[in-house]
Amino acid sequence: MQRRARFVALAFIVSMALLALYRKYSPVLWIDRDPADIFPGAESPAEPAKFVDHAVDSAVTKASPRPQIPLYSESGSSRRANATFVMLARNSDLEGALLSVRGLEDRFNSRYGYPYVFLNEEEFTEDFKRRIRNLTPSRVEFGLIPKEHWYQPDWIDNDKARTAMTRMDRMNVKYGGNLAYHNMCRYNSGFFFKHPLMQQYRWYWRVEPKVKFSCDIQNDPFLFMEDNDKIYGFTLAVYEIPATIPTLWDTVKKFRDKHPEYIRTADNALAFISQDGGRSYNRCHSLTLVHTNQFGATSRSPRSISGVVRLTRRSSNISTLQAGFTTRHDSFSRWGDAPVHSIAASLFLKKSQIHLFEDIGYQHDDWQHCPQTQQLWEAGRCMCSIKDSFDYSPDSCRKKWDMLN
Ligand SMILES: Nc1nc2c(ncn2[C@@H]2O[C@H](COP(=O)(O)OP(=O)(O)O)[C@@H](O)[C@H]2O)c(=O)[nH]1
Ligand SMILES: [Mg+2]
C-alpha cells in the first residue's frame, strides 16, 4: 500500500515537471501572454488616444480571463501583422455581427488571434459586448464614435439636405432618404480610421454583420499584403447605382485638376474605373466590405513606409471631399463609401498594390465570390459552389479587373 502511494506521488511530481517543461519550451503560444510577445514582428500597440468628450470604453481593453488556447499558423510561424478587424455596427446588428465573427473565427482567426474593433455612434450594450466576446479569445474593443465624426456638421443646410433626401426617396434611390445611411457612408469614407482605437493598428480588415466566409483562409492576408507591397485588397467588384453618384466623378475630376500631385499617371488602375481615360466613371467599385487596407496608417506608425503615409494623406483628401460633398453639394447625392475608396485606390496606387483575393470565399448579401479553381476550392474546403460565383455575372466588374492584369 505504502509502495503504491509512493508510486502515485512520484508519478504526480514527474507529470507536473513534464508539464512545466512543455509550457516553457513548447512552440505553442498561449493567449494570456502580452500581445507584443504573441506578435513579435508587430509594432506594439500604442495607448489609444482619448477624445475629450467621447470616452472610449475603457473597460474593454481588460479582457476577462480566458481558457488558454494555442495559437499557431499553418506554417507554424508566430509572425503577425499589426492588424485588426473592424466592424461598424448598431446594437440591433448583434445577431448578424455574431454570425460574421463566428465565421471569421472558424475559417481563419481561431488560428491567428487577430483583435477586433467594433465602432458605433451609440454605446454598445453590455449584452452586445458580452455575446461578441464570448465567441473569441482575441482582444475585442468597443469604441464610441465621436459625434463630430458621425453627425452632419453645422454648416450643412439641413433644409436643403432634407429636400434632397425626400426627392431621392421618391425616386426610390436606395437609402437615398435615410440620413443614418448618409452618415454611415460619410463615416466609412473619411473617418473610421481616425478613431482612437484604430490608430494603434497599421492594417484593417473591414467586416460587416451577416457576411459569410465560405472557405478556410489558409494564409494570413495581412502578412500577404505586407510582404508583397499591397495596399488595398478586395474580393468582389460591382457597379454602383447611378442615381447615388451623379456628382461624384465631376468632383473627382476637380480634385484631380487641383491636385495633380496626388494622381499616379502611370501604372495606376484607372482602366478599372474608366473606359475613356478618365473622362467618365464606369461605376465599377470593389466591395470594400472585405478589404485590408492601410488607409488609416498614420505617421505615428514608425514602420510605415513613406508611400503609405502619402497614401493616407491622399485618401484623407478624397475622403474629406466625400465628407463635404455628400451633403453640401447642390444635389446632395448619396455617395457610397465603396466607390470613394475604389476611386482613390485606382488613382493613387500602383495597380500592383491592389489585390484581388481569389482564394477568399466571401458572401455579402446576394453577392458571393467563390474561388474559381478546383484546386483552391478543395484546398479551402469551400462551402460555396464554384458555379454560383458572382464574378462573371452581368452586374459584376470582375472582367474589367481581369483586363487590367
Ligand atoms: N453604428 C451604425 N452602423 C451602421 C449604421 N448604418 C449602417 N451601419 C453599418 O454600416 C455597414 C454597412 O451598412 P449596411 O446596412 O450593411 O449597408 P450596405 O452593405 O450598403 O447595404 C454595416 O457594417 C452596418 O452595420 C448606423 O446607423 N449606425
Ligand atoms: Mg451590408
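Quick notes on this structure:
- Residues with amide H under 5 Å from that of residue 86, placed H, sequence gap 5 or more: 117, 205, 206, 207
- Stretchable slack from residue 219 to residue 110, in nm (0.36 nm times residue separation minus alpha-carbon distance): 38.0 nm
- Distant-in-sequence amide H partners of residue 139 (H built 1.01 Å from N, under 5 Å): 116
- For residue 177, nonlocal amide neighbours, meaning residues 5 or more places apart or on other chains whose placed amide H falls under 5 Å from its own, are 169.
- Ranked 79, 107, criterion: other C-beta atoms within 10 Å, fewest first: 79, 107
- Residues 232, 151, 204, sorted so that the one with the fewest Cβ neighbours within 10 Å comes first: 151, 204, 232
- Ordered by the number of other Cβ atoms lying within 10 Å of each residue's own Cβ, fewest first, 397, 382 fall into the sequence 382, 397.
- The label-point distance for residue 256 and residue 212, in a model that sets each label 7 Å from Cα toward Cβ, rounds to 3.8 nm.
Any read-out appearing in this document is the output of simple, stated calculations on the displayed coordinates, not a laboratory observation. Please read these numbers as outputs of a predicted model, since none were measured by experiment. We place every Cβ from the backbone using ideal geometry, glycine too, and count neighbours over all the protein chains shown.
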